[in-house]
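Colleague: Sharing a structure here in structure tokens format.
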Amino acid sequence: MIHYHRATRHYRFDFLHMAPAGALSTDLYEFTMAAGYHVAGDTARGTFELFVRELPPTRGYLVAAGLEPALEFLASWRFLPDQIDFLRSVPALAGVPGSFFDEYLPQLRFRGDVWAMPEGTPVFAGEPLLRVTATLAEAQLVETGLLSTVLFQTSVASRAARVAGAAAGRPVTEFGGRRAHGTDAAVAAARAAILGGCAATSNVEAGFRYRIPLAGTMAHSWVMASTDEVSAFRRYEELFGEQAVLVIDTYDPVVATDAMIAAGLKPAAVRLDSGDLDTLSRTVRARLDAASLTSTRILVSGDLDEHRVAALVASRAPIDGFGVGTALSTSSDAPSLSGVYKLVETEQDGVSTPLMKLSEGKRTEPGRKQVWRLREGGRAVSDTVGLIRESGPAGAEPLLRQVMSRGERVLAPVSLSASRSACLTAVTELPAEVRRLEAPADYPVARGAALGRLVERLSTERTGVTPDVE
């Protein structure tokens, strides 16, 4: 509520209690269905799988991310009294009996089982990143929170892996906080970018929350607010010493470099944020080397993406590191994934029933599934998606692991640095043609034999038409 004080001409803002994002982070129809299950006394359990229907045209693979935040979401998932009071006021829920609000919601917790791919695992279309088995109401109510958390971070981590690969060992810093879709998205993007291969972020909140490396330089405004460039550079270097990174393209980067050298300054690095980065980096490098500033690094930024980074690396431009912003924090070339969370099986009184959706263009495959990855000579060669009762190809590794049982974590949290290392290794195991930036090749993903038979049987039962089964 906003109050206006006439005497002082000031506004006062009274903020309602703001609970952390949690149980209300879902869509209204999840509540209408949960109320329906409650009124019917339906205690059936359902299994839902979260997967991406199709890869974006620019992607040969995705990198699974967002699992740790998703598990934190599930572990803390509950309805607070003021949230329940709000739900009572929602017109669409006006006909729901009071027991739903007085008895059911206050005690509701996530007590399901979760299987998931470890963060940093390359994943492909149709492969479950995550599988949830819980009461139908629990599993439905957490849908939106899981999708938004996992899909966004998977988008960013996937782009970061491409950028880091293009940098060919040179460090990449995530600079995209100011272009992200809100401060929460900026922090999530920074986390995912580190997981995907970035070396640091400029986002201080992300550094604090996840204890990830921070990196930054100065703004052009620091130079513009000073009487001259050299004074700006000198004051900055006096304060930050060996960590000083000077931005030299506020006016003319070559003139700034010469003036810096003449003033006897020896910064750790200089940054170019505009212009022909290839040519400018060569000119600046030559001047620095001639002045015996061979240890002063050259960093570049300015609307970079994996294609521009790859071009600079291929040209052998003397660049030591890259700052990448918008391309990462918004995953600008593929800002959304065709990710879904679909019911594949129900269980009632010990009897499991596999289910599939036959909608045109939105078909799903039935039953609880596992993904197996086959490697040969340290290289990933193919995946198989099959029912959990299948054994998978000989020597293949099952990728989905149980991470929660009855709402409790069964595996210790994995550090972000460990997930990042695992991601870098797993991505390099993929075939080069799958990892290429332009027109990536399809990675082989096969359907298990038992899954194929189940798809054929259920399709025939529902439609009377035998489908084409791979």
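Colleague: Which is in contact with a helix residue (DSSP H, G or I) (Cβ under 6 Å, 6 or more places away or on another chain), surrounded by 15 or more Cβ atoms within 10 Å (Cβ to Cβ), of a type in the set (Gly, Ala, Ser) and more than 20 Å from Ala164 (Cβ to Cβ), of Gly448, Gly452, Gly407, Gly386?
Modeller: The conditions single out Gly386.
Colleague: What are the pairs with Cβ atoms under 8 angstrom where one residue, in the range 282-293, is over 12 Å from Ala262 (Cβ atoms) and touching a residue at least 12 places away in the same chain (Cβ under 8 Å) and the other, located anywhere, is loosely packed, with under 15 Cβ neighbours inside 10 Å and among the hydroxyl-bearing types (Ser, Thr, Tyr)? Sequence gap at least six, or different chains.
Modeller: That search, which allows pairs on different chains as well, returns Leu288/Thr294.
Colleague: Enumerate the pairs (first residue in the range 49-68 and free of Cβ contacts under 8 Å to residues at least 12 places away in the same chain; second residue anywhere and crowded, with 24+ Cβ neighbours inside 10 Å and not in a loop (DSSP other than H, G, I, E, B)) with beta-carbon separation below 7 Å, excluding pairs fewer than 6 apart on the same chain, so at least 6 apart or on different chains.
Modeller: none
Colleague: Could you check the range 399-419 and list, in sequence order, the residues that are polar (S, T, N, Q) and at positive phi?
Modeller: Answer for the range 399-419, where residues must be polar (S, T, N, Q) and at positive phi: there is none.
Colleague: Can you find even one residue in the range 115-126 that is modelled with pLDDT of 95 or more and over 28 Å from Glu429 (Cα atoms)?
Modeller: No, because not a single residue in the range 115-126 is modelled with pLDDT of 95 or more and over 28 Å from Glu429 (Cα atoms).
Colleague: Any chance you could count how many residues in the range 303-312 are surrounded by fewer than 17 Cβ atoms within 10 Å (Cβ to Cβ) and among the aliphatic types (A, V, I, L, M)?
Modeller: The number of residues fulfilling the criteria is 1.
Colleague: Select from the range 27-66 the residues that are hydroxyl-bearing (Ser, Thr, Tyr), buried (at least 19 other Cβ atoms within 10 Å of the Cβ) and within 17 Å of Val123 (Cβ to Cβ) and list them in ascending order.
Modeller: Tyr61
Colleague: Please determine, by comparing only the residues of the range 72-107 that are closer than 30 Å to Leu411 by Cβ, among the aliphatic types (A, V, I, L, M) and buried (at least 20 other Cβ atoms within 10 Å of the Cβ), which one is nearest to the chain's Cα centre (by Cα).
Modeller: Among them, the one singled out is Leu74.
Colleague: Of all the residues that make up the range 169-196, how many are surrounded by fewer than 24 Cβ atoms within 10 Å (Cβ to Cβ), of a type outside the set (A, V, I, L, M) and assigned to a loop (DSSP other than H, G, I, E, B)?
Modeller: Within the range 169-196, residues that are surrounded by fewer than 24 Cβ atoms within 10 Å (Cβ to Cβ), of a type outside the set (A, V, I, L, M) and assigned to a loop (DSSP other than H, G, I, E, B) number 5.
Colleague: So, in the range 162-184, of the ones that are hydrophobic (A, V, I, L, M, F, W, C) and under 16 Å from Ala200 (Cβ atoms), which residue ends up modelled with the lowest pLDDT?
Modeller: So the residue we want is Phe175.
Colleague: Residues that are more than 22 Å from Ala125 (Cβ to Cβ), of a type in the set (A, V, I, L, M, F, W, C) and in contact (Cβ under 8 Å) with a residue 24 or more places away in the chain: which strands (runs of 3 or more DSSP E) entirely in the range 357-468 hold 1 or more of them?
Modeller: It comes to 401-405.
Colleague: Answer with yes or no whether Val381 is at pLDDT 95 or above and farther than 19 Å from Gln140 by Cβ.
Modeller: Yes: the conditions hold for Val381.
Colleague: Working only within the range 320-369, note down all residues that are surrounded by 22 or more Cβ atoms within 10 Å (Cβ to Cβ) and closer than 30 Å to Ser281 by Cα.
Modeller: Of everything in the range 320-369, those that are surrounded by 22 or more Cβ atoms within 10 Å (Cβ to Cβ) and closer than 30 Å to Ser281 by Cα turn out to be Phe322, Gly323, Val324, Gly325, Ala327, Leu328, Ser329, Ser331.
Colleague: In this structure, does Ser331 turn out to be part of a loop (DSSP other than H, G, I, E, B) and either touching a residue at least 12 places away in the same chain (Cβ under 8 Å) or not assigned by TED's automatic domain parsing to the domain that holds Ile194 (or both)?
Modeller: The answer is yes for Ser331.
The values are calculated or read from the model by the stated rules, or taken from the named source; none is laboratory data. Please read all numbers here as calculations on a predicted model, not as lab measurements. Heads up, the Cβs are rebuilt from the backbone with ideal geometry, glycines too, and the neighbour counts pull from every protein chain shown.
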